[in-house]
């Protein structure tokens, strides 16, 4: 099972480290990551393997979102099945 994590906000030091650190803490493996900085806007998308999460998916997603709020970022976490359903024609 996989999930997509999207992070958007003002660029600051440590965003990737903080988000990927939470993934490691909950045994979610980062499979792919892309990020860009447009002037001072940071945007990142991660594909993560959640098949071995050490907690349930909802708690993991809530932790990422709460961390985003603490860092003044928008963090969206979407299970791969929902992502694929939303983007299916």
- Taking 10, 63 and counting other C-beta atoms within 10 Å, the order from fewest to most: 10, 63
- Helix-only [θ]222 nm of the chain, DSSP H runs n ≥ 4, -39500 (n - 2.57) each, per residue, nearest 500: -11000 deg cm²/dmol
- Item | Modelled FRET efficiency - R0 22 Å, residue 51 with residue 17, Cβ distances, 0.05 increments | 0.40
- Note on the structure: With 0.36 nm assigned to each residue of separation and the Cα-Cα distance removed, residue 80 to residue 66 gains 3.0 nm
- Query: What are the principal axis extents of the Cα atoms in the chain, in Å, biggest first?
  - Reply: 34, 34, 20
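Every number in this text was worked out from the coordinates using simple rules, so none of it is lab data. This structure is a prediction, so every number in the text was calculated from the model and none was measured. In this analysis, Cβ positions are derived from the backbone assuming ideal geometry, glycine residues included, and neighbour counts consider all displayed protein chains.
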